[in-house]
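To keep things clear, I will list the structure first and then write my remarks on it.
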Amino acid sequence: MIPDTLLPDVFAGLMALAIVMYAILDGYDLGVGMLLPAKNEHHRDIMIASIGPFWDANETWLVLAVGLLLIAFPQAHSLILGELYLPVVVMLIGLILRGVAFDFRAKVRQGRKELWDKLFKIGSYLAAGIQGFMLGLYVMGFENDPVAYGFALLSAAGVIAAFRLIGACWLVMRTENELQKEALEWAKETLFICVAGIFTVCLVNPLANPAIFHKWFSGSGLIMLAIVPTLAILSLVLLGRALNSRRVFEDKYCIRPFALVVLLFLTCFAGLAFSFYPYVVPGNMTIQATASAPESLRFILIGALIVMPCILAYTAFSYRVFRGKVTELRYH
């Protein structure tokens, strides 16, 4: 039996799992969308084929995260969605544009497919950029000043670069020949931007928020300070080596860059989570203060413990079925 006082933390953990799964899974397919080349239809078809079986199911994790926020932390949900109303609308426009373009590119007559590929690319940039912008505003506690908006714009650029990086590493893992070589170059180019973005956020975040600075540089924070940055730097170093190794073209090693980017995402997310715990809205609302009644959480937990394993099982099954190098694009 889970004590009442631990239930809000359990739901915070489930919500964190849904968010990090979304960032990794939808991150790479948004990245592939942003990387679509303008002048090579064959490569565009292969890239679309590489995400075709997964991309819409990946967004399930976003729906789950928002749903958990709504039912477990209703006050925080009202505040967050109220502050981010317009950015959320823009994100939905981007995601809808991707969905429409993905279907229409298969049905239009010859010569029109390029238009829908461009719209798929625009929708991918729109969704990734606005997600980064919302993350930046959330980190800054929804303050309405030039510094907060400047940080949000920086965050948008960082998320775009991060999604392009994981998308390029996905293509290194799933494709062959010229496209695989091109994806490797995209990953190398984007890695430097990601490194700059991560170090900038690591510097700005504690300097802009004294509470976060105190948390990292005292008590248990010193242990996290020794673990999280070490893992992040180690993953960056190993990723750089993997991208510059000729062995990355071998089937046995082509998965390594993608796995290292996933490790990098996990360490960055762990750093953010440690910075803001126990707040669900930074500097404003704690997890305990905004949680629903224990009776409600207990009832909802039954459903969550049924739904989440089903989604995890379906995700694992689909990736197992469609594993290996991508084949030619087929819609039938």
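Output the qualifying pairs, or none if there are none: Cβ atoms under 9 angstrom, residues six or more apart or on different chains, first residue in segment 180-191 and at positive phi, second residue in a helix (DSSP H, G or I) and open to solvent by 30 Å² or more (accessible area, probe 1.4 Å).
So the pair list comes out empty.
Within segment 275-288, is there a residue that is within 23 Å of Gly136 (Cα to Cα), modelled with pLDDT under 90, in a helix (DSSP H, G or I) and within 19 Å of the chain's Cα centre (by Cα)?
yes
Residue check: is Gly158 open to solvent by 20 Å² or more (accessible area, probe 1.4 Å), of a type outside the set (Asp, Glu) and not in a helix (DSSP H, G or I)?
No, not satisfied.
So which residues in segment 107-130 are open to solvent by less than 40 Å² (accessible area, probe 1.4 Å) and either over 17 Å from Pro37 (Cβ atoms) or not charged (D, E, K, R) (or both), if there are any at all?
Across segment 107-130, the qualifying residues are Phe120, Gly123, Ser124, Ala127, Ala128, Gly129, Ile130.
What number of residues within segment 287-306 satisfy the criterion of being surrounded by 12 or more Cβ atoms within 10 Å (Cβ to Cβ) and more than 15 Å from Gly13 (Cβ to Cβ)?
7
List the number of the failed condition for Leu231; all other conditions in (1) surrounded by fewer than 22 Cβ atoms within 10 Å (Cβ to Cβ); (2) farther than 21 Å from Val20 by Cβ; (3) among the hydrophobic types (A, V, I, L, M, F, W, C) hold.
Leu231 satisfies every listed condition except (2).
Of a type outside the set (A, V, I, L, M), touching a strand residue (DSSP E or B) at 6+ places or on another chain (Cβ under 7 Å) and in contact (Cβ under 8 Å) with a residue 24 or more places away in the chain: is that true of Phe102 in this structure?
Taking the combined requirement at face value, the residue does not satisfy it.
Those residues that are among the β-branched types (Val, Ile, Thr) and either outside any helix (DSSP H, G or I) or out of contact with any helix residue (DSSP H, G or I) (no Cβ under 8 Å at 6 or more places or on another chain) (or both), I need them from segment 161-192; list them, please.
Let us first name the residues in segment 161-192 that are among the β-branched types (Val, Ile, Thr), namely 166, 172, 175, 190.
Thr175, the sole residue that qualifies.
Given the options Ala12, Ala49, Ala23, Ala38, name the one that is small (Gly, Ala, Ser) and open to solvent by 40 Å² or more (accessible area, probe 1.4 Å).
Details: Ala12 fails: open to solvent by 40 Å² or more (accessible area, probe 1.4 Å); Ala49 fails: open to solvent by 40 Å² or more (accessible area, probe 1.4 Å); Ala23 fails: open to solvent by 40 Å² or more (accessible area, probe 1.4 Å).
Going through Ala12, Ala49, Ala23, Ala38 in turn, just one is small (Gly, Ala, Ser) and open to solvent by 40 Å² or more (accessible area, probe 1.4 Å): Ala38.
Taking only pairs six or more apart or across chains, which ones have beta-carbon atoms under 8 Å, a first residue in segment 1-21 that is assigned to a helix (DSSP H, G or I), and a second residue that is of a type in the set (D, E, K, R)?
Close Cβ pairs (under 8 Å, with a partner that is of a type in the set (D, E, K, R)) amount to Leu7/Arg298.
Taking interchain pairs and intrachain pairs at least six residues apart, which have beta carbon atoms under 7 angstrom, with the first residue in segment 124-147 and in contact (Cβ under 8 Å) with a residue 40 or more places away in the chain and the second open to solvent by 20 Å² or more (accessible area, probe 1.4 Å) and among the β-branched types (Val, Ile, Thr)?
Tyr125/Ile160; Ala128/Val159; Ala128/Ile160; Ile130/Val90; Gln131/Val159
Kindly indicate the residue of segment 192-247 that is farther than 15 Å from Tyr277 by Cα and of a type in the set (D, E, K, R) and also modelled with the highest pLDDT among those meeting that condition.
It comes out as Arg241.
Within segment 55-89, take every residue that is surrounded by 17 or more Cβ atoms within 10 Å (Cβ to Cβ) and of a type in the set (Phe, Trp, Tyr) and give me the one that is modelled with the lowest pLDDT.
Trp55
Looking at Val172, is it touching a residue at least 24 places away in the same chain (Cβ under 8 Å), over 23 Å from Leu126 (Cβ atoms) and open to solvent by less than 10 Å² (accessible area, probe 1.4 Å)?
It is true that Val172 is touching a residue at least 24 places away in the same chain (Cβ under 8 Å), over 23 Å from Leu126 (Cβ atoms) and open to solvent by less than 10 Å² (accessible area, probe 1.4 Å).
The values are calculated or read from the model by the stated rules, or taken from the named source; none is laboratory data. Worth saying up front: this structure is predicted, and the values here are computed from it rather than measured. A quick note on method: Cβ atoms are made from the backbone with ideal geometry, for glycine too, and the neighbour counts reach across all protein chains shown. We work out accessible area using only protein heavy atoms, side chains counted, and drop any ligands, DNA or RNA first. Shrake-Rupley method; radii C 1.70, N 1.55, O 1.52, S 1.80 Å.
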